[in-house]
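The values are calculated or read from the model by the stated rules, or taken from the named source; none is laboratory data. Given the structure is predicted, the values throughout are model-derived calculations rather than measurements. Don't worry about glycine lacking a Cβ; one is built from the backbone with ideal geometry, like all the others, and counts go over all protein chains shown. The protein model used for the area step is the full one, side chains on, heavy atoms only, and it has no ligands, DNA or RNA in it. Shrake-Rupley method; radii C 1.70, N 1.55, O 1.52, S 1.80 Å.
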Amino acid sequence: MEERSLDKALDIYSALITGQEVSRSNQDTRDMYEEYYSNSAVYDITNRLVKKLNLNIYEYNESIYVTAGEGNRVFGYTNEDMKRQLGLRLNKELYMVYFIMYNALLSFYQDSASYQVKEYVKLEEIMEQVSSYLMSITKDLSVYSMDDLEADSFKTIALLWDELPAVTSDDKDKNRASRASRTGYVKLTFNFLIAQKLFVEVEDRYYPTDRFKALVENYFEEYKGRIYKALGGEVDA
């Protein structure tokens, strides 16, 4: 019995870390989902296994997902990994992407108890939200000295955003991901989120997936203020 439970737990673990959706509605993984919740031994072994590997397991809408725990260098991304993945050169560019991700999250959640009834977002909405948040945080960019800025501060991000055009003058294609414009940065960010199966794009609209909702609803309370601290935020998260 113990060997069978271990085998089933390993099957579930293998499916999760390879990005499969272990769900009651997924014919290929339905048996795994049922085994996870009906067999306490399988449930315990699976959770002990992912905990030992610094992973987090979440449930949403009769599906289970796994995500890397904080500082997990095997299953997660370092800053250097992220820069390579996104084609970025500088830390301030990476922190800009992180800030855009955070604003995408805030489009649907303000806190753990307030999932907004919103189906999708558009690039323009995120651009406006990023501009609004940075303006409220930094107040007056003209008072900042470049000598006083650090790569991971809100001030540096605000100055980078302020220097960017909405779109590039030689390319009016709003769907082009690049570091040359505000729209390009937002598109670059959403391309990454789509690749991670957190959003899907339909006719310039970005819909959050159940994977996104599972991660955010379970992760939000513990980590919602970390980006502000990491970026040197000066306001309450």
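The residues of segment 1-24 that are modelled with pLDDT of 90 or more and in a loop (DSSP other than H, G, I, E, B) amount to a single one, ARG24. Annotation: of all residues in segment 63-85 being over 30 Å from GLN27 (Cα atoms) and open to solvent by 50 Å² or more (accessible area, probe 1.4 Å), the one that is modelled with the lowest pLDDT is ARG73. Among the residues of segment 180-201, the one identified as open to solvent by 70 Å² or more (accessible area, probe 1.4 Å) and in contact (Cβ under 8 Å) with a residue 24 or more places away in the chain is LYS197.
Considered as a group, the residues in segment 223-237 that are open to solvent by 50 Å² or more (accessible area, probe 1.4 Å) and out of contact with any Asp or Glu (no Cβ under 9 Å at 6 or more places or on another chain) include one that is modelled with the lowest pLDDT, and that residue is ALA237. Residues in segment 182-198 that are closer than 16 Å to GLY87 by Cβ and touching a Phe, Trp or Tyr at 6+ places or on another chain (Cβ under 7 Å): PHE190, LEU193.
Scanning segment 1-42 for residues that are free of Cβ contacts under 8 Å to residues at least 12 places away in the same chain and either among the hydroxyl-bearing types (Ser, Thr, Tyr) or open to solvent by less than 30 Å² (accessible area, probe 1.4 Å) (or both) yields SER14, THR18, TYR37, SER38, SER40. Residues that are within 21 Å of GLU217 (Cα to Cα), within 17 Å of the chain's Cα centre (by Cα) and of a type in the set (A, V, I, L, M) do not occur anywhere in segment 40-51.
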